[in-house]
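S.K.: Let me begin by handing over the structure; questions about it come next.
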Amino acid sequence: MRPSAVRLLNILVPVKRAVDYAVKIRVNPEQTGIDLNVKHSMNPFDEIAVEEAVRIRERLKDAVKSIKVVTIGPPKSSETLRTALAMGADSAIHVEIPESAPSPEPLGVAKALKAIIERQSEGVDVVIMGKQAIDDDAGQTGQMLAGLMGWAQATFASKVDVDAAQKVAHVTREIDGGLEELRCRLPLVVTTDLRLNEPRYASLPNIMKAKKKPLEKLTPADLGIDFTPRLETIKVTEPPKRVGGGKVENVDQLLAKLKEAGITARRA
Amino acid sequence: MTTTQRLRALALYKELHRLGRDYDPSYDFHGKLRKLYEKNRNLKDETEIDRTLAFGEYIKNETLALYSLRKYRHLKRMYPPTSTDR
């Protein structure tokens, strides 16, 4: 008798080319957004997601059939895909939008990811993505995708344990006040928190090998998605500059300053 | 120097050079890298070459650790754990 085939997992990792974490953010002259003429790199939470996918494969070995990475962005975003391929992904999908187009909104991204998942002939079992992008901090895409697909979601994951045979994942989430443990049926959307793992460095030999891995290019029209923003940003300004503190000479001056600030003593 | 050692040395140089791009500009990483390689260019003894290459790999791992730490610390500051109980 043949043993029943273990269901092979297909993992999808969406990544975003975001403003680099070390860049000092400045508002652009038109006050409609931030200055984007700066260094970009893969969103750190997405790096953690790629690392987790690779670690799941290291743990489950042959049970993981493929790790695909996908990004939606201008032509330069393919560098981000190459980094993910160098970290251990098998193949990549690049949904290319024009350089001048505005950044896609979370709902648009979620709809595009849904279209991509439906295009995968072998299906997708686990989607692992960053909890939020460090340049817009929306934190919505994972949740929206789970809603659109009707899938389970485990957000802010700090530990992920996939059981391929049972088609179940045990996820520990970081929530206000502590940790929450979930048992989720696959298919599943996981969003990664900072403390999930420490991403590996993509060494030079791996970056060279990644150039040979397949990268599929798609257009929004191929997916039937319209990325036109539904929100209009009216104004972006910097927070008020922090006014320096001042020193006082004695207690009377302190009381005078407190009175100025409107803080007065009250009889109990 | 054997061929494998030569290849190791070259690969290490390329790797360190690429890492040096993100280093703090006030420290001349590329300059120091080049000087150290030039200082050791005439080594003949194989065990000594192995030791120097091991030192180079050590520097590479140290630099990687520094980068990871810098990034983690920055992100931890930007995204602190929300609960006060932990």
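Taken together, the values in this text are just the output of simple stated rules run on the coordinates, not laboratory data. Keep in mind the model is a prediction, meaning the values are calculated, not measured. Methodologically, a virtual Cβ is constructed for each residue, glycine included, from the backbone with ideal geometry; neighbour enumeration extends over all protein chains shown.
S.K.: Does anyone have the angle between helix A:44-60 and the longest principal axis of chain A? Alpha-carbon axes, 0 to 90°, nearest 10?
M.R.: The answer is roughly 30 degrees.
S.K.: FRET efficiency for B:Asn42 and A:Lys211, Cβ-Cβ distance as r, R0 = 45 Å, nearest 0.05?
M.R.: Values: r = 36 Å, r/R0 = 0.79.
After rounding to 0.05, the efficiency reads 0.80.
S.K.: Could you compute the FRET efficiency for B:Leu75 and A:Glu118, with r as their C-beta to C-beta distance and R0 at 35 Å, rounded to 0.05? Write down the numbers at each step before the final one.
M.R.: Values: r = 33 Å, r/R0 = 0.95.
E(calc), rounded to 0.05, equals 0.55.
S.K.: Give a residue-ordered list of calculated ³J(HN,Hα) values for the stretch A:30-36 (Karplus: 6.51 cos²θ - 1.76 cosθ + 1.60, θ = phi - 60°; whole Hz; x for Gly, Pro).
M.R.: 7, 6, 10, x, 9, 5, 9
S.K.: Provide the gained length on full extension for the span A:Lys65 to A:Gln253, in nm with one decimal, where the gain is 0.36 nm per separating residue minus the Cα-Cα distance.
M.R.: This chain segment gains 60.5 nm when fully extended.
S.K.: Along the charge dipole of the protein assembly as shown, which of A:Leu255, A:Ile117, A:Met208 sits closest to the positive end, that is, farthest toward it, with unit charges on the beta carbon of Lys, Arg, Asp and Glu (+1, +1, -1, -1)?
M.R.: A:Met208
S.K.: Still on this structure, please answer the following. Please identify every one of the trypsin sites (Lys or Arg not before Pro) in the stretch A:152-236 that sits in a loop by DSSP and has no more than 11 other beta carbons within 10 Å of its own beta carbon.
M.R.: The qualifying sites are A:Lys211, A:Lys212, A:Arg230, A:Lys235.
S.K.: Give a residue-ordered list of calculated ³J(HN,Hα) values for the stretch A:245-261 (Karplus: 6.51 cos²θ - 1.76 cosθ + 1.60, θ = phi - 60°; whole Hz; x for Gly, Pro).
M.R.: x, x, 9, 10, 7, 8, 5, 4, 4, 4, 5, 4, 5, 5, 4, 4, 6
S.K.: Just flag the GluC sites (Glu not before Pro) in the stretch A:177-268 sitting in loop per DSSP whose Cβ has no more than 16 other Cβ atoms within 10 Å. Each step should come with its number before you reach the end.
M.R.: Values: sites: A:Glu180, A:Glu181, A:Glu216, A:Glu232, A:Glu249, A:Glu260; in loops: A:Glu232, A:Glu249.
Sites meeting the loop and neighbour criteria: A:Glu232, A:Glu249.
S.K.: Over the Cα atoms of the protein assembly as shown, how large are the radius of gyration and the largest Cα-Cα distance (Dmax), in Å?
M.R.: Rg then Dmax for the protein assembly as shown, in Å: 25.1, 93.
S.K.: Nearest 20 debye, what's the magnitude of the dipole of the stretch B:5-83 about its Cα centre given +1 on Lys and Arg Cβ and -1 on Asp and Glu Cβ? Each step should come with its number before you reach the end.
M.R.: Numbers: 18 positive and 11 negative charges, 68 e Å.
My answer is approximately 320 debye.
S.K.: Oh, and also: Which order do peptides B:72-80, A:133-141 fall in by mean Cβ count within 10 Å, highest first? All intermediate terms of the calculation are to be shown ahead of the outcome.
M.R.: Working: B:72-80: 12.6, A:133-141: 18.2.
Highest-to-lowest ranking by the protection proxy: A:133-141, B:72-80.
S.K.: Taking the Cβ-Cβ separation of A:Glu198 and B:Asp24 as r and a Förster radius of 22 Å, what is the calculated FRET efficiency to the nearest 0.05?
M.R.: 0.55
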